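Some notes on the structure that comes next.
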Amino acid sequence: MAPNIEYPYMPPGRFLKYASPDDPFMVAAARARAEQASDALYPVGAAMVVGGAMVARAGNGFNRGAGKVHVCPRIVLDVPSGTGYELCDLHDPTGHAERMLLQVAREAGIDPAGSDVYLYGHWWACEPCWSALIEAGVRDLYVTDDAHERFAREKVYGETLTPGVKSVYIAGPITNVEDFESQKRFYEALGEAAEQVGCRSCIPHRDSGETQWAHDENKAADVFAWATGAVRDCDVVAADVSVPSLGTGGELVEATREGKHIVLLSKRGSRVSAFVRGNPSVVYHIEYIDEADAARQLRNVLRQL
């Protein structure tokens, strides 16, 4: 019996069909999800069946294969399910598993007309995917009979949005900041955001005592040694680059040399150097409105690393 579910989209005259997770064709779709989906946060696999035989498999994220580092703006910005695809090229409908499956089949000389498609990893299909399937002549689209529970967004993200990184270095200008008390509170809010998702934070003014001796020429070498060592010991450097800072720039160079992920933060409207934005170690650039927005976005970025 079909579950009584209100789907976000269903084309007129069409409906989903259901198969158990251990159905051989659903198992093939699950294997495609594991091996071919490049979206590590919401992986989806699909299998095409013609005449009782599996003829093609594909994964979402443009079928690139698992293991790619990608931070999705839709997750960073808390975009509702089924919306905001234009924000993320990896999640563009042309890269959804259903569309990828049609592409793979056609490239192999297989006519999708009359085929059945098995989808593993999601509980519904968006309008562009349904339209592509219908236009291609696909007969039926199958999901698991418990897909609405197994692949609910909250459940999938509960499993995949767990930071793989354990420590974050919070970088930003110190020496030439006019209101350093406010800036300290900002860095501490970023550190707290990191800790809320299970990452240890390292904040220079809090953890090094740098404010006590940063302007002492006799201690300059100690500042350099401490900061480079702290960057080396952390997994991610989250750097506020709203205001130019030679020290922050040096920390970013050190992070790149050490192969660390870099997350840039800048207040909306700030002009950030192209040299900094173009650093290949930068995995995401957060443009924030205020302290709370910066902290929220940083949490959502770290959950994806």
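Inside the stretch 250-305, residues that are farther than 13 Å from ALA238 by Cα and small (Gly, Ala, Ser) make up a count of 8.
Conditions tested, residue by residue: (1) under 25 Å from ASN300 (Cα atoms); (2) surrounded by 15 or more Cβ atoms within 10 Å (Cβ to Cβ).
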position: GLU35; (1), (2): no, no
position: PRO43; (1), (2): yes, yes
position: MET48; (1), (2): no, yes
position: ALA53; (1), (2): no, no
position: ARG57; (1), (2): no, yes
position: ASN63; (1), (2): yes, yes
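One residue is enough: does the stretch 5-27 have a residue meeting the conditions more than 18 Å from GLY95 (Cα to Cα), aliphatic (A, V, I, L, M), in contact with a Lys or Arg (Cβ under 8 Å, 6 or more places away or on another chain) and touching a residue at least 60 places away in the same chain (Cβ under 8 Å)? Looking for residues that are more than 18 Å from GLY95 (Cα to Cα), aliphatic (A, V, I, L, M), in contact with a Lys or Arg (Cβ under 8 Å, 6 or more places away or on another chain) and touching a residue at least 60 places away in the same chain (Cβ under 8 Å), one finds none in the stretch 5-27, hence no.
Note on the stretch 127-156: residues that are buried (at least 18 other Cβ atoms within 10 Å of the Cβ) and under 22 Å from VAL71 (Cβ atoms) total 2. Residues that are in a loop (DSSP other than H, G, I, E, B) and among the small types (Gly, Ala, Ser) were ranked within the stretch 1-39; the one that is farthest from the chain's Cα centre (by Cα) is GLY13. Among the residues of the stretch 160-194, those identified as farther than 17 Å from ARG299 by Cβ and in a loop (DSSP other than H, G, I, E, B) are GLY172, PRO173, ILE174, THR175, ASN176, VAL177, GLU178, ASP179. Residues of the stretch 217-237 that are surrounded by fewer than 17 Cβ atoms within 10 Å (Cβ to Cβ) and not aromatic (Phe, Trp, Tyr): GLU217, ASN218, LYS219, ALA220, ALA221, ASP222, ALA225, GLY229, ARG232, ASP233. In the stretch 67-79 there is no residue matching the filter, namely being touching a strand residue (DSSP E or B) at 6+ places or on another chain (Cβ under 7 Å), assigned to a strand (DSSP E or B) and over 16 Å from GLN36 (Cα atoms).
The single condition among (1) surrounded by fewer than 21 Cβ atoms within 10 Å (Cβ to Cβ); (2) modelled with pLDDT of 95 or more that GLU159 does not satisfy is (2).
Taking the conditions exactly as written (part of a helix (DSSP H, G or I), under 24 Å from VAL50 (Cβ atoms) and of a type in the set (Val, Ile, Thr)), does ILE110 satisfy them or not? So that I can check it myself, show each step before the final result.
Numbers: part of a helix (DSSP H, G or I): no; under 24 Å from VAL50 (Cβ atoms): yes; of a type in the set (Val, Ile, Thr): yes.
Here the answer is no, as ILE110 does not meet what is asked.
Residues considered: PRO93, PRO73, PRO112, PRO80. Of these, the only one that is in contact with a Leu (Cβ under 7 Å, 6 or more places away or on another chain), at pLDDT below 95 and in the same structural domain as GLU35 (by TED's automatic domain parsing) is PRO73.
For the stretch 110-123, the criterion of being in contact with a helix residue (DSSP H, G or I) (Cβ under 6 Å, 6 or more places away or on another chain), surrounded by 14 or more Cβ atoms within 10 Å (Cβ to Cβ) and of a type in the set (Gly, Ala, Ser) is met by at least one residue. Of a type outside the set (Gly, Ala, Ser) and surrounded by fewer than 21 Cβ atoms within 10 Å (Cβ to Cβ): does that describe VAL253? So VAL253 fits the description; yes.
Does the stretch 129-159 hold any residues that are in contact with an Asp or Glu (Cβ under 9 Å, 6 or more places away or on another chain), outside any loop (DSSP other than H, G, I, E, B) and touching a residue at least 12 places away in the same chain (Cβ under 8 Å), and which are they? The answer is CYS129, TRP130, ALA132, LEU133, ALA136, ASP140, LEU141, TYR142, THR144.
The values are calculated or read from the model by the stated rules, or taken from the named source; none is laboratory data. Worth saying up front: this structure is predicted, and the values here are computed from it rather than measured. Positions of Cβ are generated from backbone atoms using ideal geometry, with glycine treated the same way; all protein chains shown enter the neighbour counts.
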